[in-house]
Structures are given as C-alpha cells and as structure tokens.
Amino acid sequence: MVTLGNFSGAFLSFLIVNLFVVALLGIVILAAYRRRIRVLMRGGDSIAVSLPPERPGQTRLRFTTIASPQISQTRSAAQDIPFAVFAIELFGGLCFAILAALFWLQSSGIAILPMRLFALTLAFLLPVLVVMALLVGPDRRKQSFVLLGGILFFMVFGATLVLRQPDNGLLVLWQVLYFFIIRTGGTALTPLLGLFNRSLRSLWPILLVLVFLCTLGILAQLALRSVFLEQADHLYLSAAISIGLGWRTAVVLEHLPGFLFGLFLSWLFITRLAAWHQEGRVGDQALLHNAVWAAASINLFLWLFVSISPATPFDIVRILAVSCVPLLAYLGITKIGYYLLHRKLHHIAGKPLLYLRVFGYSRRASRLADLLRARWRYSGSLRLIAARDLAGRAITPVMLRAFLLRRLKEFFIETHGDLERRVASLRTRRDPDGSFRTELLFCNGGSWRETVRRLMTDSHGVVMDLRSFNRQNRGCIFELQTLLDFVAVSRIMLIVESRPGPAQTDVEFLQEVMTEGWTHLAVASPNHMIAEPVLRLIDAASGDARAVALIIRELEAL
C-alpha cells in the first residue's frame, strides 16, 4: 500500500502511468476530433454563389516560373523578430535554469561549485533547444543546425573541463555528463518529445497539464488518506480483495477519486485558458513555449521530490512552491521582453495570407502549411479552409473545449450570417508575443466556395498549392477562376511541382485553364487595370523550405 512514507517512489510511478494514460487519451481525442470534423463537413445546405457579369481581359496573361530565390539586399522588420523572440526565450530560460540548479544543489546537500553549477544550469537549459526547433518550424536543415550547435557547445564544454583537470578530467567529464546532463537534462527533454509530432503538438500543452494535475490529485488523495483515513483504507482493500476484485483492480479503483479530481482541475484550467486565448491574452506561440518550461518545472519538481523524500504534507507543498519559482521567474522575464517587443511592433499592420490547396494530396500540403505558418507568423495571419488533416494540426483551447462540450458545429459556416460573423471575428492584431495567429475556417460541402471568395477579397496575398493538379484532378478550377475575378495576379502565387511523380503538376493544363479563365473575367475584376499581367508559378521541385522562401520573398515585395 502506498503511504506518505514512500511518496517518492509513488510519485514517479503515478507520473509514468498517467503519462501513458493521458497520451492514449490525447490520441483518442485527436482521432475523435478529426472524425467529428469529417462528419460535419458532409452536411449543411449550400450557400448560393452569385456569378458576376463577365468581360474578357484586354491584355494577354503571361506566366513566369520562379525556381530559385534571389538574394535580397534588404531585410524586413518581420525577419528580425524571430531573433528577438529567441533572445527573450534564452534569457528567460537562463534565469529558470540558474534558479533550478541552485535549488536542486541546495536541496541535495551538494556543495555549490562553479563548474558543477554551470553543468547543472546547462542541463536545465536544454529545453531551449526545443524552443529553437519550434521557432524554425518543420525545416529539417535548420533543425539540424540547432542540434549540431547544441552538440558543438557541449563538446567545447567537455574539452574545457578536461583541460582544467588533466589528471582525472575524463572521469570528471563522464560524471558531469552522465549525472547532470544525461540524467537531469534527459528527464527534462523526455516529456517534450510529443512536440515533435505535429498532429499532437496543439494538444500537447493541455495533455501535459492533465498528466501533472492528475498525478497531484492522486498524491493529494494519498496525503489525506494517510492523515485521516488509513484504517478505512485498509478495510476497503481487504473488502475489495475478499469479493474477488483482485489487488490490482482494487488499487486502481482506490486511486480513481484522485485521478478524477485531477481531471476536474484540468477542466477548470482548460476553461480559463480558452477564455484567455479568445481574449487575446495568450497566443499559440506563447502557449507552446510556456508549456516547454512548465515541463521543465515538473522535471525540477520530480528531482526535488526524489532528493528530499518528503515526510509531511507541508514538505510536499514546499517542494511544489520551490519548483514554481523558476517558472514564475521565466514567465515574468518573458512577459517584460514580449511587452517591449510588442510596443515596437504594434504599429506595423499585419498582412493576412490565404492558403489554398488541391484536396487529396494532404501530406506535403500540410507540411508546407506548417512551414508557411512558421515563416509568416510575424508578418500576418495565415488563413486556411480547414480540412480534416489541417484541422488536427491547429486545435486551439477554444476549439477543444467546444468539441468536448459537443458544440463544434457552432464554428461551422453554413449561412451568409455565419460567414460574416466568422470573418468579422478573424483576429488582425498581434498576440502579446508579437506573432499573428493561424485562422481556421470550417466549412461544409455547400459553403466553402462562398467562404473562399470572401477570404480572397480580404487577403494581402493568396498562395495556392497545385501540386498533383492535372486533367484528372480538376477540383481547383472554381478557385482558379475566382482568383482571377477577385484578386490581382500580382498577389497570386501558384505552387507547382516539375519533378515527375504523384505530386507533379500538369503546368500546360494549368496554363490552359488560367488562359481560358482570363477570357471570362468578372467586370469588377482588379485585373482589368493591370497593363502587363504576369502570373507567378512557384516551383517546389527543390523542396518545401525553398518554396516557402520564394513565397515569403515575393509576398514581402508586394
């Protein structure tokens, strides 16, 4: 039976069990969420789409294919923002790591020596590599640079350590690397592995809270039981085993009230977080970064718990309070840093970008959308017509709460009134961390055409992924004609693929479609005013990262 005396081992056990249970729960929620999206997309009535009067274009439409980015001599303000964000996160993380290292050394009774403090600070600073990986987005080349930079830094640190102590430098190096870096830092990075799955990433901060609060709920139950109800607990176990439940089932049922109490606390947290997100007090980027350091704070709590071995409930409260101090320091420092950054950027208007694609080739299109979101989030918002795959990659706390309450249908556009309300609710201001949001618009089979047309008129630019577009896959012809009717060709970029394969674009057929559409332009089309219309085709044959670099360069030139 678990008692207050063996809480140290119990905490680790409960944490591991809850980690697997909540991870399984997250997978189930994600699958059910996607299934619900798919069901809602099938229903609904069609919104009538009025066809504008036509007038042929007076000039000839030309095409140009862009395959390699030109070196730009000027830098926009948005290009410098990621460096400022990283500096803020690094400084906040460094303060977190120093405080965590000091608290851990003091609680363990280990002498605070400079090299020991430095090594342990590095261990608690390892989550900053995850933050850097999140900032660069799903770009494997840049993520490799982040990893190699971290490895190079530790190699320099190891060489310095060996040179300082030539007699037993290798032994000291191994002890420092294993005990401080691998063990302490490794446990900090383990909970962060869920961030590298882009489907689970949007749910990960909430799942992390579920793990911690459910574990605390069980431990709170154990503390109360050890103080007040130990005899009743013994009678319960004896009775449960006597009726044939088995000791494993009895122990699970015994800890169920604490787990349910943790779920209740988690629901209160989700409700509060959804309100903050809707009010614009916390953005998507800050939510992920704060969750990274919250996981590091849980890691500190674990190590303090094991080293101190609390004997009273007061000791548990003290450990919890000490573990929260570095996290509060990080939150305070980053809040000040982001406040100063926001003051510098608030006068720079956002440039909303609409991203469309050929449905049915979702894997690379989803990855390109992730890259585009990472690169464009400091210049403007990214607007998407949510399909099942993209919807699963950007689940906000508001959407998750609506799904759990079975109110997800309220977010779907089914009438003109729904469309106008949803467009009016699109956030055009920066979040407190300086970034813009990714806006998902949920449509059923009868409303997506009018929604696409409405978004085109309000966007700074329109990017359309036409990889796999060919004579058999003609589903984007409506959007292509609508683009010419409502968007100037200078603000349109079409992504094509020249390499042979399933993603190859039939460029000849695409040009035929666009040329034919040019002869049926709407009377009010802005393209009638362009003397030399040129439609840009972005060739993604060199990879998604290069294609996104081309798109960003062209958009910033508008």
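Some notes on this structure:
- Failed condition for GLY244, given (1) modelled with pLDDT under 65; (2) surrounded by fewer than 15 Cβ atoms within 10 Å (Cβ to Cβ); (3) at negative phi: (3)
- Per the conditions (1) touching a residue at least 60 places away in the same chain (Cβ under 8 Å); (2) within 19 Å of SER379 (Cβ to Cβ), the sole criterion not satisfied by LEU440 is (1).
- When the test is whether a residue is touching a helix residue (DSSP H, G or I) at 6+ places or on another chain (Cβ under 8 Å) and modelled with pLDDT of 85 or more, ILE316 does not pass it.
- Within the range 113-141, residues that are closer than 21 Å to ALA84 by Cα and at pLDDT 80 or above reach partners that are surrounded by fewer than 20 Cβ atoms within 10 Å (Cβ to Cβ) and polar (S, T, N, Q) with beta carbons closer than 8 Å, at six or more positions or on different chains, in the pairs ALA133/GLN143; VAL136/GLN143.
- Within the range 395-426, restricting attention to residues that are acidic (Asp, Glu) and part of a helix (DSSP H, G or I), the residue that is surrounded by the fewest Cβ atoms within 10 Å (Cβ to Cβ) is GLU410.
- Leading residue by the ranking (modelled with the highest pLDDT) among those in the range 42-94 that are more than 35 Å from the chain's Cα centre (by Cα) and basic (Lys, Arg): ARG62
- Only one entry of ARG357, ARG383, ARG373 meets the criterion of being outside the structural domain of GLN285 (by TED's automatic domain parsing), at pLDDT 90 or above, of a type outside the set (Val, Ile, Thr) and surrounded by 21 or more Cβ atoms within 10 Å (Cβ to Cβ), and that entry is ARG383.
- In the range 142-172, the residues that are modelled with pLDDT of 75 or more and among the charged types (D, E, K, R): LYS142
- Of the set (1) farther than 26 Å from ASN527 by Cα; (2) polar (S, T, N, Q); (3) in contact with an Asp or Glu (Cβ under 7 Å, 6 or more places away or on another chain), all apply to ASN473 but (3).
The values are calculated or read from the model by the stated rules, or taken from the named source; none is laboratory data. Remember, it's a predicted structure, so these values are computed and weren't measured experimentally. Cβ coordinates were reconstructed from backbone atoms using ideal geometry, including for glycine residues, and neighbour counts include every protein chain displayed.
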